[in-house]
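Here is the structure we will look at, set down as structure tokens.
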Amino acid sequence: MSAIELRGAAAVAGIAESHYRRGESPHGELRLTLEAILAACADAGISPRELDGFVSYAGGGHDGAVLGAALGVDDVRWSTMMWGGGGGSVAAAINAAALAIATGQAECVVAFRAMAQADTGRLGYAKYHYGPHFLAHGVGSPAQVCALRTQRLLEHDGVPRESMRALVLAAYRHAQRNPTAQAYGKPLDEAAYEQSRLIAEPFHLYDCSRESDGAVALVLVSAARARTLNRTPAFVLAGAQGAPGGYSSLIDNDEHYATAGFAGAAGRPGVADRLWAAAEIDPAEVDVVQVYENFSGPAVAALIDHGLVPSGPAAGSVLTVDNLTAGLGKLPVNTSGGNLADSFVNGMNLAVEAVRQIRGTSVNPVADAKLSLFIGGPMAPLVSSTLFGHEDTL
């Protein structure tokens, strides 16, 4: 199936999310997942019994058979989980749901993620990411691994450190208009950011994502079906995923060490290149971006990889607080507050905000947004992106 045939074949018709402070969920992951799926179905105006496909991102013990039985679905035709860690393939879960619909494997697919630390513990350490060359030198957390790559981005490529701060402050600015954000009512300024403690140089406290309990679900159907349902559809224009040759958090001497993993290697097109080619869209046409920020530095690198921001010192001219703010700038980013200031359900919550921008229902709406980009976890071993479009873009 060619990438062009995927363009606009499926659309997000229903969305739902819930989140709580870390460890404070009233329920376990199964109930959180089921409640989110039911809410997404209600949002779309479909019966949950019509679901016939289930795609989860990275973890959780609740596959399509378990969820299908609990929901009383008529038939489970598609059940899969995307590999990955650090949010790298979170967008790929949505892409897989769209592919199942485009190829006729299923008709109504839900992509989901749930996290309850009482069930599964914290995400701060995942041993499959760290080989002995890391652990022997005291590197045993995502912050440390991404800090090494980010420091290279700053020192070798010349990206200004202030670019990271701008991304953080814009996220906190957006969160002040989002009553459900964990940073709501807690504005952040330059002085407070700079005075916060270092976690792993160059990351300050506010450069690091939150950890939340919660669940997210997105219900996808065919384009034709989506047009008959309750909500403005967010069409999947393109999706791409991959692990460029030589790029892995297990190697750390690869050619593109300072990138986020979306750039091509050895002259081959990378994940971002394939995304734009499949969508038939130029990066400059994108209206709004939701980029996974496990930490601010990888998010900056991801924006560069996608051609939205120039590399080197010139990045600072684009990555300013005002330019990243909805209603003010040309590159609004993480308009709900993102993983830094809103919540962190392994980044799937960012996909919901990407869809809200197409619908025009975000708390920080970008006027007449037609193209909404969702970027999965940068600097993970495998990365992915999804581009959503309004009907007018088809």
- Item | Residue count, region 330-351 (criterion: in contact (Cβ under 8 Å) with a residue 40 or more places away in the chain and surrounded by fewer than 23 Cβ atoms within 10 Å (Cβ to Cβ)) | 1
- Taking region 211-230 and keeping residues buried (at least 19 other Cβ atoms within 10 Å of the Cβ), touching a Lys or Arg at 6+ places or on another chain (Cβ under 8 Å) and not hydrophobic (A, V, I, L, M, F, W, C) leaves 212, 213
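Answer with yes or no whether residue 190 is farther than 30 Å from residue 52 by Cα, over 20 Å from the mean Cα position of the chain (by Cα) and in contact (Cβ under 8 Å) with a residue 40 or more places away in the chain. Before you say what the answer is, go through the steps one by one.
Numbers: farther than 30 Å from residue 52 by Cα: yes; over 20 Å from the mean Cα position of the chain (by Cα): yes; in contact (Cβ under 8 Å) with a residue 40 or more places away in the chain: no.
Judged against the criteria, residue 190 is not a match.
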- Check whether at least one residue in region 317-330 is of a type outside the set (Phe, Trp, Tyr) and on the phi > 0 side of the Ramachandran plot, and report yes or no. yes
- Message: Just checking, does region 52-62 include any residue being within 25 Å of residue 230 (Cβ to Cβ) and without any contact (Cβ under 8 Å) to a residue 12 or more places away in the chain?
- Response: no
- Note on the structure: Of the conditions (1) under 28 Å from residue 214 (Cβ atoms); (2) buried (at least 24 other Cβ atoms within 10 Å of the Cβ), the single one that residue 327 does not satisfy is (2)
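Taking region 5-36, which residues are among the β-branched types (Val, Ile, Thr) and either over 15 Å from residue 66 (Cα atoms) or surrounded by fewer than 15 Cβ atoms within 10 Å (Cβ to Cβ) (or both)? Full working, then the answer.
Going residue by residue through region 5-36, those that are among the β-branched types (Val, Ile, Thr) are 12, 15, 33.
Matches in region 5-36: 12, 15.
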- Of 173, 210, 165, which residue is assigned to a loop (DSSP other than H, G, I, E, B) and in contact (Cβ under 8 Å) with a residue 12 or more places away in the chain? 210
- Message: Which count do you get for residues in region 352-366 that are outside any helix (DSSP H, G or I), surrounded by fewer than 24 Cβ atoms within 10 Å (Cβ to Cβ) and not β-branched (Val, Ile, Thr)?
- Response: 3
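When you scan region 196-207, do you find a residue that is open to solvent by 70 Å² or more (accessible area, probe 1.4 Å), more than 25 Å from residue 93 (Cβ to Cβ) and of a type in the set (A, V, I, L, M, F, W, C), even just one?
Looking only at region 196-207, we keep the residues that are open to solvent by 70 Å² or more (accessible area, probe 1.4 Å), and these are 197-199, 201.
Then drop every residue that is not more than 25 Å from residue 93 (Cβ to Cβ), which leaves 197-199, 201.
Now narrow it down to the ones that are of a type in the set (A, V, I, L, M, F, W, C): 198-199.
Yes, region 196-207 contains a residue that is open to solvent by 70 Å² or more (accessible area, probe 1.4 Å), more than 25 Å from residue 93 (Cβ to Cβ) and of a type in the set (A, V, I, L, M, F, W, C).
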- Please find, within region 69-83, the residue that is nearest to residue 387 (Cα to Cα) out of those that are in contact with a strand residue (DSSP E or B) (Cβ under 7 Å, 6 or more places away or on another chain) and crowded, with 20+ Cβ neighbours inside 10 Å. 82
- Of all residues making up region 290-310, the number that are out of contact with any Asp or Glu (no Cβ under 6 Å at 6 or more places or on another chain), open to solvent by 10 Å² or more (accessible area, probe 1.4 Å), of a type in the set (A, V, I, L, M, F, W, C) and not in a helix (DSSP H, G or I): 1
- Note on the structure: In region 311-347, residues that are at pLDDT below 95 and not in a loop (DSSP other than H, G, I, E, B) total 0
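Any residue in region 22-33 that is in a loop (DSSP other than H, G, I, E, B), among the acidic types (Asp, Glu) and free of Cβ contacts under 8 Å to residues at least 60 places away in the same chain?
Initially, region 22-33 is screened for residues in a loop (DSSP other than H, G, I, E, B), giving 22-28.
Within this subset, residues satisfying the condition of being among the acidic types (Asp, Glu) are 24.
After this cut, where a residue has to be free of Cβ contacts under 8 Å to residues at least 60 places away in the same chain as well, the list is none.
No, because not a single residue in region 22-33 is in a loop (DSSP other than H, G, I, E, B), among the acidic types (Asp, Glu) and free of Cβ contacts under 8 Å to residues at least 60 places away in the same chain.
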- Restricted to region 255-289 and to residues being among the charged types (D, E, K, R) and more than 20 Å from residue 330 (Cα to Cα), the residue most open to solvent (accessible area, probe 1.4 Å) is 255
- Note on the structure: residue 258 meets each of (1) closer than 18 Å to residue 351 by Cα; (2) touching a Lys or Arg at 6+ places or on another chain (Cβ under 8 Å) with one exception, condition (1)
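Of the residues 380, 369, which is part of a loop (DSSP other than H, G, I, E, B), surrounded by fewer than 24 Cβ atoms within 10 Å (Cβ to Cβ) and touching a Gly at 6+ places or on another chain (Cβ under 8 Å)?
369
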- Query: Residues 65, 44, 39: which one is open to solvent by 30 Å² or more (accessible area, probe 1.4 Å), under 13 Å from residue 218 (Cβ atoms) and touching a strand residue (DSSP E or B) at 6+ places or on another chain (Cβ under 7 Å)?
  - Reply: 39
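The values are calculated or read from the model by the stated rules, or taken from the named source; none is laboratory data. Predicted model, so just to flag it, every value in this text is computed and none were measured. Here the Cβ is made from the backbone with ideal geometry for all residues, glycine too, and neighbour counts use every protein chain on show. In case anyone asks, the SASA skips ligands and DNA or RNA and just uses the protein heavy atoms, side chains included. Shrake-Rupley method; radii C 1.70, N 1.55, O 1.52, S 1.80 Å.
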